[in-house]
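Structure, as structure tokens:
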Ligand code: ADP
């Protein structure tokens, strides 16, 4: 029912934010642990006098790591198995289908996959899935009266670097130039009244650029929108 679907959509968004936040916490925590170990070495014999304090800090850092890992497992149940950064883009597209199936059928939107690709991309499979789900859900929101989303995959070089291009095109309401120029800003949303957070695209861009890729959007009011993602190939 509608209520259930809204709840599951909300949960998907919470999952996305959780995963992004948890992933970002991992690095500073690793730096903390590393420097704590270093500090213990530097103060050498004096460390014994601060044994309780060191133990407390060790325990609390462990605790943060455990919480973060649990959050990641909650947000990415199937895929959280290490961080293999090598994904067949066709798998990532296939991963999206179960997550958006209900939303598609409720909105009368169909999703078609096009193009051919022979390369793998340099990105974690769950992260790529997360990016694609964001784009697909946005495309569905842009087509309240139904329509078609076409996901086109192709091998494409950019600046001499081999990579893969993924285009997500909708036939929705489109955007004017002023809106287009702001959509990747955190908290920019035109859907504040219907649960928009304005975080989806900014997270997408962070994830993509961290892998050395890029994402941009083109379109105009009434003529739909195409998001184009380019990611370097995993060699
Ligand atoms: P949210 O969906 O929570 O608003 P996003 O960062 O995903 O946050 O998107 C920001 C804004 O970009 C949306 O509010 C909407 O105005 C615009 N937008 C994103 N995707 C599309 C699309 N496919 N068609 C039209 N507008 C879009």
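Worth a mention:
- When residue 62 is tested against the conditions (1) outside any helix (DSSP H, G or I); (2) more than 29 Å from residue 3 (Cβ to Cβ); (3) modelled with pLDDT under 90, the lone failure is (1).
- In this entry, residue 185 passes the filter for residues that are surrounded by fewer than 16 Cβ atoms within 10 Å (Cβ to Cβ), closer than 24 Å to residue 17 by Cα and either more than 11 Å from the ligand (Cβ to nearest atom) or without any contact (Cβ under 8 Å) to a residue 24 or more places away in the chain (or both).
- Only one of the listed residues (148, 127) is closer than 25 Å to residue 183 by Cβ and modelled with pLDDT under 95. That residue is 127.
To keep it simple, each residue is scored yes or no on (1) within 16 Å of the ligand (Cβ to nearest atom); (2) surrounded by 12 or more Cβ atoms within 10 Å (Cβ to Cβ); (3) outside any helix (DSSP H, G or I); (4) at negative phi.
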position	(1), (2), (3), (4)
6	yes, yes, no, yes
49	no, no, no, yes
57	no, yes, no, yes
67	no, yes, no, yes
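Condition check ((1) more than 13 Å from the ligand (Cβ to nearest atom); (2) in contact with a helix residue (DSSP H, G or I) (Cβ under 8 Å, 6 or more places away or on another chain); (3) modelled with pLDDT of 90 or more; (4) within 16 Å of residue 224 (Cβ to Cβ)) across all residues:
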{"site": "152", "(1), (2), (3), (4)": "yes, no, yes, yes"}
{"site": "156", "(1), (2), (3), (4)": "yes, no, yes, no"}
{"site": "164", "(1), (2), (3), (4)": "yes, yes, yes, no"}
{"site": "170", "(1), (2), (3), (4)": "no, yes, yes, yes"}
{"site": "176", "(1), (2), (3), (4)": "no, no, yes, yes"}
{"site": "189", "(1), (2), (3), (4)": "no, no, yes, no"}
{"site": "193", "(1), (2), (3), (4)": "no, no, no, no"}
{"site": "200", "(1), (2), (3), (4)": "no, yes, no, no"}
{"site": "204", "(1), (2), (3), (4)": "no, yes, no, no"}
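- For residue 203, the stated conditions do not hold, so it cannot be described as touching a residue at least 12 places away in the same chain (Cβ under 8 Å) and under 21 Å from residue 114 (Cα atoms).
- Some residue of the stretch 128-142 being within 15 Å of the ligand (Cβ to nearest atom), buried (at least 19 other Cβ atoms within 10 Å of the Cβ) and not in a helix (DSSP H, G or I): yes
- The number of residues in the stretch 156-188 that are part of a loop (DSSP other than H, G, I, E, B) and more than 16 Å from residue 211 (Cα to Cα) comes to 16.
- Per the conditions (1) in a loop (DSSP other than H, G, I, E, B); (2) over 23 Å from residue 17 (Cβ atoms), the sole criterion not satisfied by residue 196 is (2).
The values are calculated or read from the model by the stated rules, or taken from the named source; none is laboratory data. The shown structure was predicted, so the numbers you read here are calculated from the model rather than taken from an experiment. Reconstructed Cβ throughout: ideal geometry from the backbone, glycine too, with neighbour counts over all protein chains shown.
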